[in-house]
1. For the pair Ser57/Asp88, report the inter-label distance in nm, with labels modelled 7 Å from Cα in the Cβ direction.
2. How big is the C-alpha Rg of the range 174-241 next to the rule-of-thumb value 2.2 N^0.38 Å, as a ratio?
3. Which whole-number value in Å³ per residue fits the convex hull of the alpha carbons of the range 73-171?
4. Mind checking which lysines have their Cα closer than 30 Å to the Cα of Lys308? Skip sequence neighbours fewer than 8 apart in that chain.
5. Expressed as a rounded percentage, what relative contact order does the chain have, with Cα pairs under 8 Å and six or more residues apart?
6. Convex hull over the Cα atoms of the chain, averaged projected area in nm²?
7. Mean residue ellipticity at 222 nm from the helices of the chain, using -39,500 (n - 2.57) per DSSP H segment of n ≥ 4 over the full residue count, to the nearest 500 deg cm²/dmol?
Amino acid sequence: MSSTAMKKKVLLMGKSGSGKTSMRSIIFANYIARDTRRLGATMLKHLFLFSVDVEHSHVRFLGNLVLNLWDCGGQDTFMENYFTSQRDNIFRNVEVLIYVFDVESRELEKDMHYYQSCLEAILQNSPDAKVFCLVHKMDLVQEDQRDLIFKEREEDLKRLSRPLSCTCFRTSIWDETLYKAWSSIVYQLIPNVQQLESNLRNFAQIIEADEVLLFERATFLVISHYQCKEQRDAHRFEKISNIIKQFKLSCSKLAASFQSMEVRNSNFAAFIDVFTSNTYVMVIMSDPSIPSAATLINIRNARKHFEKLERVDGPKNSLHMRMR
C-alpha cells in the first residue's frame, strides 16, 4: 500500500450476533442480504501473540483515503480482552467507532455495559474519535413500532455517551437504511469533502442538471451530491446504490464489467457512468433540448479535474467548463 495513503482506523464493534460481519460483507465484499445467512461468527485471529477475534481489512476510498477497518468479534471472552490486555492496541488512533446493537437483544444491559466500556477506552486513547451507533435488525420490529423504539434507544445511547457525542442510525440489511448509515459515516472521513461538493455543485449548474450524485466505485456508497430541483423520494440515493450494485454483481457473474447506463422516459434522463478511477457519477437531466451526447461529453470533460480533487493535495481552483 502506498506510503502516501491517508489511513483512517475504523472500529466495528458490538455483541456477537448483532450483525456486524453481515453488514460489512454487504457494504465492502459485495454480498447480497440473503447470502449473509451462511456467515459464521468472525474468525479467530492472532494479534501480537494474543488470541483476539479481530478481522482487518483495508478499503481504498477516493485515491489517498484508506479505511483500516477492524471488525472486532463480540463474544464475551474477546470483549473483555479488548478492555484489558489489548486496550491500547485496539483503541489507539481510532478515527471512528461504529457500535452495532441488535434491537431485539435479550441482554440489553450487558450490551450497554460493553458500549460504555468502549467509550471509556476511546476517551482515554482516542478522545477525538467520532462515534456512531447502529440500531440494527430493525426489520424484525413491527413497522408501526419502529419510530418509537428507535427514538427511545437513541435517547438512551446519547445519554450514556456523554461527554462524547454519538450519531445514531436505524439499520437493516433488507432495505436502504444500511447504505444510508454507511454513506453518512464515510462522508465524515473524506478530507476534502467541502471542496468536492463545491465542484460538484459547479458541475451540476454548468451542465444544467437537476441532480448529480457521486458514488464510491467499489461499494457504490453515495459520497457527495448536489440537487437543483426538489426530489420526492428521500431514500432514492440508497435505493440506487443497492440497485446498481446488484446489477454490477449480475454483470460479473457473466464475466462482464459494468461501465455505464442511460435510462430515459418522458420526464427525465439518467446517466450513470465511470467518472474517476474511484467513482461513478449519476446525472439527472429533465431538459429535453439537451441531447444525450452533450451530457456524456460534459461528463468526460470533467473527469480529469475530479481525478485531481480525489487527492488530498488536490487543486484549490473551482471547475470551469464550456458547454458543448
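1. Between Ser57 and Asp88, the simple spin-label model gives 3.0 nm.
2. So the range 174-241 has a normalised radius of gyration of 1.11.
3. Enclosed volume per residue, from the Cα hull, is 91 Å³.
4. Lys7, Lys8, Lys9, Lys130, Lys180, Lys229, Lys239, Lys245, Lys248, Lys316
5. RCO, the chain: 15 percent.
6. Working: hull surface 73.6 nm².
Averaged projected area of the chain's Cα convex hull equals 18.4 nm².
7. On the way: 9 runs with 116 residues, N = 324.
About -11500 deg cm²/dmol.
No lab work stands behind these numbers, since they all come straight from the coordinates. As the structure is a prediction and not an experimental result, all values here were calculated from the model. Cβ coordinates were reconstructed from backbone atoms using ideal geometry, including for glycine residues, and neighbour counts include every protein chain displayed.
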